[in-house]
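The values are calculated or read from the model by the stated rules, or taken from the named source; none is laboratory data. Quantities reported herein were computed from a predicted structural model and do not represent experimental measurements. Cβ sites come from the backbone with ideal geometry, for glycine too, and all protein chains shown count toward neighbours. For accessibility, only protein heavy atoms count, side chains too; no ligands or nucleic acids. Shrake-Rupley method; radii C 1.70, N 1.55, O 1.52, S 1.80 Å.
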2 protein chains.
Amino acid sequence: MIDPRVASGLRDLPPSVMIPRERMLATFRRTFGAFGFVPIETPHIERMEVLAGKGAGSDEVLRQIFEVTNKGGTPGELALRFDLTVPLARFVAKHVDELGIPFKRYAIGSVFRGERPAKGRFREFVQCDFDTIGTESVLSDAETAQVIHDALSAAGVPDFTITLNNRKILDGMLESLDLAGRSGQVLRSLDKLAKAGRDAVLAELQKPTGDGTPGLTGDQASRVLEFAEGGRGGVEVLREAENALGTRPLAGQGIANLRTVLDLLSAAGVPEDRVSIDLGLARGLDYYTGIVFETTIKGWERFGSVASGGRYDNLASLFTSRRLPGVGASIGLDRLLALMDEAGWLKGMAKGTPVLLANFPGTDPAIPFRMAAELRAAGIGAEVYPEPIQVGKQMGYGSNHGHKIAIIVGPDEAGRQVFNLRNLATRQEDKGLSWSVLVDSVHSVLQALEQERAQS
Amino acid sequence: MIDPRVASGLRDLPPSVMIPRERMLATFRRTFGAFGFVPIETPHIERMEVLAGKGAGSDEVLRQIFEVTNKGGTPGELALRFDLTVPLARFVAKHVDELGIPFKRYAIGSVFRGERPAKGRFREFVQCDFDTIGTESVLSDAETAQVIHDALSAAGVPDFTITLNNRKILDGMLESLDLAGRSGQVLRSLDKLAKAGRDAVLAELQKPTGDGTPGLTGDQASRVLEFAEGGRGGVEVLREAENALGTRPLAGQGIANLRTVLDLLSAAGVPEDRVSIDLGLARGLDYYTGIVFETTIKGWERFGSVASGGRYDNLASLFTSRRLPGVGASIGLDRLLALMDEAGWLKGMAKGTPVLLANFPGTDPAIPFRMAAELRAAGIGAEVYPEPIQVGKQMGYGSNHGHKIAIIVGPDEAGRQVFNLRNLATRQEDKGLSWSVLVDSVHSVLQALEQERAQS
């Protein structure tokens, strides 16, 4: 016998995980589509040259790459993608002439990283990315935040905050401290603020980096930290930043960008308290060049960001000389699902087909078979139990699988052309209903159950 | 610069392919769900031991396997799955106790085979499988055909035939010719009937096989062929087979099974002309043990089967001593889409978001931004053009991307709180409509366009 386990760091997803996951993905696809984003798909296997191109992935990610070889293939030539961004860059470079710009695409798919296996860390996970390529318009910046808002709302997340920053504000601030060009160093330290605390960050800011860049002075370090920590809140944060840095052209551009984004989100009806400015938000290190996004769920901040992204100057510089700016974000599907599960927000989601038709011993199975088809034709999911075993066991199957009601036709009912309708939760049974009212009666019972659920 | 090409045998799927593909997958998921099938997902990467287990895949498939290795991993330990059946067997063996039987699952995902690249043959392709595990009920056999019927109908395929056979009938026939146990050999030859013709098959049947099994006699070979060729049609085929073979217990079981399946499908309202018997249908060689299915589209038979499957005695014998019979089928998504595209059946499918909102130079972009949000809240997809370029160019973008209508608010219209509504196909424009009727007017124009399309 072969051991049926999965390889280390990988996992099977059972129906209890997959049903809410598919529902959530359908919601995301609908949301993306409503904004004019269109789906693309690229292969799971890419040429190694594409994945390992300079700057395509961090050194850490490249160390985690899975190589792929088939018989007759050259080792080291192919690998599994580690994100959807590098494939997007390649795709756009290859197809931009036929697609035209702006190009708004979404992509949902598995990516692979040979990380050391740990709780909650998997070597295969799903990314949901959407990006707008080929425009520097602030409308696309605002729209990216709006899509995050609409997607999470539609998915049933009750309360969350989309935090915004713009890399140019920090760059302008660093300019004002004679620290122009040092933003990578500073961002890497600021990124640790929440986890390591302010003292650790202050100390790190003052240390020289590995490549010999000197540390900040004590005064520079505290002013950077003060700036980052002080800049959290609503539009008033931007007013203060303007007073402090408004004359710096870079900072001024960043502030104006966020101001317009707030105005546009408000015009689009995104509630003000769903959006927040944080001038210390360091997301994405050197990759992003303008606005950056991060999204936390209120009360569940410890899960980290569930939707993040930002604007980049040039998506596909590895593959084409054509400059392609863009903005986009990625929704962390698995993290969001894990959080919603723990919060109890997935409960009550209809779990399967609502109706089970008993296969009563001695009754012609063509009867439940026909009834099930009738229910499905009316848009009601219906499953016939495949074997004529003891009816109590069939009812147990229904309860375990989330069926709401069962339709039972014993030989006596078959002769009278009637059925019994059992509520699987309460075990109450309506007896002797005529076959002619099957769809109507199932429909009204299901509606009543749905109303009960909504009110509880 | 790195060449942005994909590796040999792989492909990018642009929006024009992905939009109908996602629609079709949503249709399939809905259909599977309506019958009580639930989704599962297994990793793309499996342990080689699982994939290469005896009988898991044919020798040809095993030669095409992609090995996967990461730094620090052992070469030869991991590989990409080549189908969804072996992972299903592993999954069921591992999880059957918690899931219980019957277990009805569907799975949709990419599989990988290092085939020699050729037109229409790809090294990564999507399979859509559904199976009922843990029951030998004929209801599940019938339901499998019914799911194929409902899925293809819902996907918009106008006319097709689901062809049925039962392996036991052929086995009984071979018994009657003193050829018991020779079905593998016979099926492999019969499988070539459509392509190679009857003379080639007659000759092959009389040749000894590689493992030393002698060939059939000339008389045996012609009787086998006659039986296979003569047995095509409706229920009358079963009556003839019963007369010829009814006393053979195996053949009798197979005939009774198909008869019940026809009765159940008829009870479920599947039109009679959608189902056909073919006693020569050899599908699946040695793997299947009972009913087998194949589905061809009327007028497009040259594309081969788009949905195939059958019943097997023991799914997971490699992984567990528990006997798990089952029945299932796989829909060939990409083949079906290619066929429907060529037949013109995908035309007229709404291609993207229906409404484009112009970003008129000089108009506050918050105006179209707000209008788009209003339309989306009413369930109407709406996209704002991100840059205030020449409006004619924006309209060109809309026409190219399948938008039906454009909403235009120039500075003059903004002052009067009105908009112009342009039909992007006819270029007709309704001018000066009040902002308060935005949703209503867009809704009624879209409805009228949809009716026009349906009538044409």
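For the protein assembly as shown, what % of the accessible area comes from carbon and sulfur atoms, probe 1.4 Å?
Answer for the protein assembly as shown: carbon and sulfur cover 49 percent of the accessible area.
If contacts are Cα pairs under 8 angstrom and at least 6 residues apart, what is the relative contact order of chain B in percent? Spell out each step's value before the answer.
Numbers: 735 pairs, mean separation 62.0, N = 456.
Relative CO of chain B lands at 14 percent.
Go through B:12-20, A:182-190, A:59-67 and give me the packing order, highest mean Cβ count within 10 Å leading.
Highest mean packing first, the order is A:182-190, B:12-20, A:59-67.
Radius of gyration and Dmax for chain A's Cα atoms, expressed in Å?
27.8, 92
On the Cα set of segment A:305-456, report Rg and Dmax in Å, please.
23.8, 78
Can you work out the base-10 log of I(q)/I(0) for segment B:201-342 at q = 0.14, 0.15, 0.16 1/Å, using the Debye formula on its C-alpha atoms alone?
-0.90, -1.02, -1.13
When Cβ neighbours within 10 Å are restricted to other protein chains, what is their mean count per residue of peptide A:95-106?
Counting Cβ atoms of other protein chains within 10 Å of each residue's Cβ and averaging gives 3.
Which percent of the Cα-Cα distances in segment A:341-388 go past 16 Å?
Within segment A:341-388, distances greater than 16 Å cover 49 percent of Cα pairs.
May I ask you to derive the relative contact order of segment A:355-455, considering only C-alpha pairs under 8 Å and at least 6 residues apart, and to give it as an integer percent?
The value is 27 percent.
For A:His403, tell me the accessible area in Å² from a 1.4 Å probe, rounded to the nearest 10.
10
Considering only protein heavy atoms, with the full assembly of protein chains and a 1.4 angstrom probe, order B:Thr363, B:Thr74 by accessible area, largest first.
From most exposed to least exposed: B:Thr74, B:Thr363.
Summing Lys, Arg as +1 and Asp, Glu as -1, what charge do residues with Cβ under 14 Å from the Cβ of B:Glu387 carry, B:Glu387 excluded?
-2
With a 1.4 Å probe and all protein chains kept in place, how do A:Ser321, B:Ser137, A:Ser266 rank by accessible area, largest first?
A:Ser321, A:Ser266, B:Ser137
Could you tell me how far the Cα centroid of segment A:176-242 sits from the Cα centroid of segment B:260-305, in Å?
69
Under 5 Å between amide hydrogens, which residues at least 5 positions from A:Leu164 or on another chain qualify, with H placed 1.01 Å from N in the peptide plane?
A:Ser276, A:Ile277, A:Asp278
Considering only Cα-Cα distances, which of the following residue pairs are longer than 26 Å: A:Lys54/B:Lys393; B:Lys119/B:Lys207; B:Lys347/B:Lys404; A:Lys119/B:Lys94?
Working: A:Lys54/B:Lys393 36 Å; B:Lys119/B:Lys207 33 Å; B:Lys347/B:Lys404 15 Å; A:Lys119/B:Lys94 20 Å.
Correct reply: A:Lys54/B:Lys393; B:Lys119/B:Lys207.
Less than 17 Å apart at the alpha-carbon level, and either on another chain or at least 8 residues along: which aspartates and glutamates does that give for B:Lys298?
Partners found: B:Asp150, B:Asp159, B:Glu272, B:Asp273, B:Asp278, B:Asp341, B:Glu342.
Work out the mean other chain Cβ neighbour count within 10 Å for the residues of A:11-21 and drop it here as an integer.
Numbers: counts 3, 9, 7, 9, 11, 4, 3, 7, 4, 0, 2.
Mean shielding count: 5.
Would you kindly work out, in nm and rounded to one decimal, the distances from the label point of A:Pro249 to those of the same position in each other copy, ordered shortest first, with label points 7 Å along Cα-to-Cβ?
Ordered by increasing distance: 9.3 nm.
Could you give the dipole magnitude of segment A:17-65 about its Cα centre, charging the beta-carbon of Lys and Arg +1 and that of Asp and Glu -1, in debye to the nearest 20? Walk me through the intermediate numbers first.
Details: 7 positive and 6 negative charges, 53 e Å.
My answer is approximately 260 debye.
Treating the beta-carbon of each Lys and Arg as +1 and of each Asp and Glu as -1, no other charges, what is the dipole magnitude of segment B:355-455 about its Cα centre, to the nearest 20 debye?
It comes to approximately 140 debye.
How big is the charge dipole of the protein assembly as shown about its Cα centre, in debye rounded to the nearest 20, if each Lys and Arg gets +1 on its Cβ and each Asp and Glu gets -1 on its Cβ? Before the final figure, lay out the partial values.
On the way: 104 positive and 114 negative charges, 150 e Å.
Using Cβ point charges on Lys, Arg, Asp and Glu, the protein assembly as shown gives about 720 debye.
Would you list which aspartates and glutamates come within 12 Å of A:Lys104, measuring only between C-alpha atoms, while excluding same-chain residues fewer than 8 positions from it?
Output for A:Lys104: A:Asp129, A:Asp131, A:Glu143, B:Glu383.
For a bin width of 20 Å, list the pair-distance distribution of the protein assembly as shown built from all Cα-Cα distances, rounded to whole %.
13, 40, 34, 12, 2, 0
Return the value, in Å² to the nearest 100, of accessible area buried between chains B and A (probe 1.4 Å, both sides summed).
On the way: alone 23150 and 23170 Å², together 38290 Å².
Roughly 8000 Å².
How many partner chain Cβ atoms sit within 10 Å of a residue's Cβ in peptide A:368-374, on average, as a whole number?
Mean shielding by partner chains, rounded to a whole number: 6.
In segment B:355-455, if the dipole is taken from +1 on Lys/Arg beta carbons and -1 on Asp/Glu beta carbons about the Cα centre, which of B:Val418, B:Ile389, B:Asn359 is farthest to the positive end?
Ranked along the dipole, the leading option is B:Ile389.
In nm, one decimal, shortest first: how far is the label point of B:Gly212 (7 Å from Cα along Cα to beta carbon) from the matching points in the other copies?
Output for B:Gly212: 7.7 nm, nearest copy listed first.
Using only the heavy atoms of the protein chains and a 1.4 Å probe, how would A:Asp150, B:Asp273, B:Asp3 rank by accessible area, largest first?
Details: A:Asp150 45, B:Asp273 100, B:Asp3 75 Å².
Sorted by accessible area, descending: B:Asp273, B:Asp3, A:Asp150.
If you put a point 7 Å past Cα along the Cβ direction, how far is that point for B:Lys54 from the same point in each other copy, in nm, smallest first?
Result for B:Lys54, in nm, nearest copy first: 5.5.
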